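Participant: To start, I am sharing the structure in question, which I have written as structure tokens.
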Amino acid sequence: MDSASSSARTVAACVIGGIVLGASVVALHLGAGPAAPSLPPVEALRRRFRRRCRPVRVYMDGCFDMMHYGHCNALRQARALGDELVVGVVSDDEITANKGPPVTPLHERMKMVRAVKWVDDVIPDAPYAITEDFMNKLFNEYNIDYIIHGDDPCLLPDGTDAYALAKKAGRYKQIKRTEGVSTTDIVGRMLLCVRERPVSDNNSHSSLQRQFSHGHGQNIDDSGFGSGTKISHFLPTSRRIVQFSNGRGPGPNSRVVYIDGAFDLFHAGHVEILRLARGLGDFLLVGIHTDQTISSTRGPHRPIMNLHERSLSVLACRYVDEVIIGAPWHISKDMVTTFNISLVVHGTIAENMDYTEDDSNPYAVPVAMGIYHKLESPLDITTSTIIRRIVSNHEAYQKRNEKKEASEKKYYDSKSFVNGE
């Protein structure tokens, strides 16, 4: 929702509300005949006026573990239901107690949520279930009008609805779940990689990326579930890309900064380097490499997320202005001219830092043009870091996934059409 139109609507409501309040107060004081007693009390009118004069604030919580474009789309939908979005990030302890150990710790998840362009404020260590005390805190301290959640059920270990109190209070609104992705699904893809690697390492023609896409080695039914992990059924549409896009280009005198990469399993390290890159100019253009490019440079089991999935995750980041979906590995002079690129940057932490030793350095042109700059990466995190976390504790995550897959299968088996975006 555009902030300017939102502000204009709020101002208009204040003006109209002020007129109505003033007229009502005058009528009450003048004692306008027998109709006067039926008018609302002055204090009630004042409360209604104050509420109309402030933005509608909505709240959405979540674990946001290994944050992906499905999380981002949920936050986008939630933001569209109000003027300001406040997001609660569940603590590590609460996630462990209710779902199993998180892959990413709270401080990384906080960075990820804060970086989503539809988020206005963040509450750390939010409870997994909406308790009465916390709900009252949301309403009274954070001025929350509505609590938002997706159409998929969120059940506590005892089987009760985590949002029952919000529904009972009449302050609950529902959005549509994003199909084709979940943290359970992504963890499952990596667990599949662990199970299948000994076989694929002996077969140079076997690609784990294709296994992720087509369910190699599993008995998969039409819903995407089988004896192991759920296979992604993400269906990219042009409408979704438009919803995530900023819809604007650089100005004629803008300083365009370009950074490229795989941005696989979009993580806090990506967010921080994009933040620094954006600070070097007026417009940040991000090149996202194709699946084939990544497989050829990082191994047949990469990427974990396909090109469209990775593009949406990057587009949701507040520091990014535009992306090139399927950017070339080598940056040419023609590309620099076409996009009016002023600066090309690269972080010091990446999956493969030996590109400068290669005879065909992909940054040779910007280096020769004097527009290449190496940025000191704030966090020592890569996609391999995330994968190692799963692999090192794969038994615990396997148990967690088996439990979650059962609930997801139940959701998909009983799902019906839900109107939404």
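The values are calculated or read from the model by the stated rules, or taken from the named source; none is laboratory data. As the structure is a computational prediction, the values presented were derived from the model and not from experiment. Neighbour counts are summed over all protein chains in view; Cβ atoms, including those assigned to glycine, are modelled from backbone coordinates with ideal geometry.
Participant: Going through region 135-172 one residue at a time, which ones are under 19 Å from the mean Cα position of the chain (by Cα) and outside any loop (DSSP other than H, G, I, E, B)?
Facilitator: Within region 135-172, ILE147, ILE148, HIS149, GLY150 qualify.
Participant: Now a separate question. Would a scan of region 34-52 turn up a residue that is surrounded by fewer than 21 Cβ atoms within 10 Å (Cβ to Cβ), at pLDDT below 95 and touching a Lys or Arg at 6+ places or on another chain (Cβ under 7 Å)?
Facilitator: No, that holds for no residue.
Participant: If you don't mind, another one. Do we find a residue being under 30 Å from GLY281 (Cα atoms) and at pLDDT below 90 anywhere in region 380-395?
Facilitator: So far as region 380-395 goes, no, none of its residues is under 30 Å from GLY281 (Cα atoms) and at pLDDT below 90.
Participant: Counting only residues that are among the β-branched types (Val, Ile, Thr) and part of a loop (DSSP other than H, G, I, E, B), how many does region 269-306 have?
Facilitator: Number satisfying all stated conditions: 2.
Participant: Quickly run through region 307-338 and pick out the residues that are crowded, with 18+ Cβ neighbours inside 10 Å and part of a loop (DSSP other than H, G, I, E, B).
Facilitator: Scanning region 307-338 gives ALA316, TYR319, VAL320, ASP321, ILE331.
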